[in-house]
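Structure first, then comments.
The values are calculated or read from the model by the stated rules, or taken from the named source; none is laboratory data. Values in this document were obtained by computation on a predicted structure and should not be read as measured data. Please note: Cβ atoms are built from the backbone with ideal geometry, for glycine as well, and neighbour counts cover all protein chains shown. For the accessible areas, the whole protein counts, side chains as well, though only heavy atoms, and no ligand, DNA or RNA atoms are used. Shrake-Rupley method; radii C 1.70, N 1.55, O 1.52, S 1.80 Å.
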Amino acid sequence: MMYSRTGFEVLNREIVTEEEVIFFPLAEWENWTKAKSHDSFMLLLFESGSGTHRIDFKDFELCPKQFHLLQPQHTHEFKFNKDVKGYGLRVHRSIFELFSIGFHFALPMFIKHPVLKMNLLEFEYLQKEFEGIAEEIHSKKIKDLIIARLFVIAFLVSRISKAYFRELTQVNENPKVYTFLKLIDLFYQSTRAVSFYAEKLNITTSHLTILCQRYFGSTATHLIDARILLEAKKLLASGISVKETAYALNFRDVSYFSRYFKVHTKITPREFIAECRID
């Protein structure tokens, strides 16, 4: 992992409009009783209460000290009691793209596993950042700190999810899919071929794709691409040039890398860099 200087260029980006990041207490969202989908990301932190959160037609029991990460492709609805207490953040896709470099795991990993449990200390760390964002949104004075706090949230969630996903690997009846994720981390810079990973796992490419669909709701190719794009964003945000980033990720043609990046993120690498540098 490579970063330039002592900090992250992306943290210089300020929130420009109130719609980019919206904070809300969960107790005020009792009307989430019908299935909804969003074009933004939702970060939900539950302090206490009970009920059910249905995500993509799968029910998750609400418990104290939970974090829920909803992506735009998720459909969800709440059925919770009035004792629910917690915080929510609705984050515009463009802002999420910036601080998502703080996540250790590729986002498809969270599609099938959007709910994380945590201990009291982990909850208190996240609670501090959520409350800090709320204060900064309401003060309308220090919005440049919001991105920094979102980055910290991503880092903390990654630390929590690392242990959670390790547990899944140990108890899951088919750990090959999680071994696949580890292999991606080892070899994503050298190859994007699904056949390479299937061979390492001693299974066919079609079998690997079926497993990825079953456990992550995503294709094997998408998981590989997500890891490559995550690293590309980290490198670009740290000041590494487009050309150097392309070569570091084994793209020998910078033009192809730029097209690849835009297909998956809807913006070019240079546009992403410009977004990071807005101050």
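What to note about this one:
- Qualifying residue in the stretch 194-209 (condition: under 16 Å from Ile111 (Cβ atoms) and surrounded by fewer than 17 Cβ atoms within 10 Å (Cβ to Cβ)): no
- Qualifying residue in the stretch 124-145 (condition: open to solvent by 30 Å² or more (accessible area, probe 1.4 Å), modelled with pLDDT of 80 or more and within 13 Å of the chain's Cα centre (by Cα)): no
- Taking residues in the stretch 57-78 that are free of Cβ contacts under 8 Å to residues at least 24 places away in the same chain, and partners anywhere that are in a loop (DSSP other than H, G, I, E, B) and surrounded by fewer than 18 Cβ atoms within 10 Å (Cβ to Cβ), the pairs with Cβ atoms closer than 6 Å and at least 6 places apart or on different chains are Leu62/Ser50.
- Boolean, Val152 is among the hydrophobic types (A, V, I, L, M, F, W, C), at pLDDT 90 or above, open to solvent by 50 Å² or more (accessible area, probe 1.4 Å) and under 19 Å from Met42 (Cβ atoms): yes
- For the stretch 37-64, taking the residues that are part of a loop (DSSP other than H, G, I, E, B) and of a type in the set (A, V, I, L, M, F, W, C), the one that is most open to solvent (accessible area, probe 1.4 Å) is identified as Phe57.
- Where Lys117 falls short, out of the listed (1) of a type outside the set (Ser, Thr, Tyr); (2) surrounded by 17 or more Cβ atoms within 10 Å (Cβ to Cβ); (3) touching a residue at least 24 places away in the same chain (Cβ under 8 Å); (4) more than 18 Å from Ala134 (Cα to Cα): (2)
- Within the stretch 220-253, the set of residues being open to solvent by less than 60 Å² (accessible area, probe 1.4 Å), among the polar types (S, T, N, Q) and at pLDDT 90 or above comprises Ser241, Thr245, Asn250.
- Within the stretch 65-87, the set of residues being open to solvent by 20 Å² or more (accessible area, probe 1.4 Å), touching a Gly at 6+ places or on another chain (Cβ under 7 Å) and not acidic (Asp, Glu) comprises Lys79, Phe80, Asn81, Lys85.
- Qualifying residue in the stretch 269-276 (condition: of a type in the set (Asp, Glu) and either over 22 Å from the mean Cα position of the chain (by Cα) or under 20 Å from Leu107 (Cα atoms) (or both)): no
- Members of the stretch 17-51 found to be modelled with pLDDT of 70 or more and more than 23 Å from Ala154 (Cβ to Cβ), listed by number: Ala27, Ser48, Gly49, Ser50, Gly51
- Every pair of residues 6+ apart whose Cβ atoms lie under 6 Å, when the first sits in the stretch 242-260 and is without any contact (Cβ under 8 Å) to a residue 24 or more places away in the chain while the second is open to solvent by 80 Å² or more (accessible area, probe 1.4 Å) and not in a loop (DSSP other than H, G, I, E, B): Val254/Lys243
- The stretch 88-112, subset under 18 Å from Glu20 (Cα atoms) and open to solvent by 30 Å² or more (accessible area, probe 1.4 Å), residue modelled with the lowest pLDDT: Glu97
- Residues of the stretch 179-205 that turn out to be farther than 23 Å from Lys233 by Cβ and free of Cβ contacts under 8 Å to residues at least 24 places away in the same chain, as a count: 9
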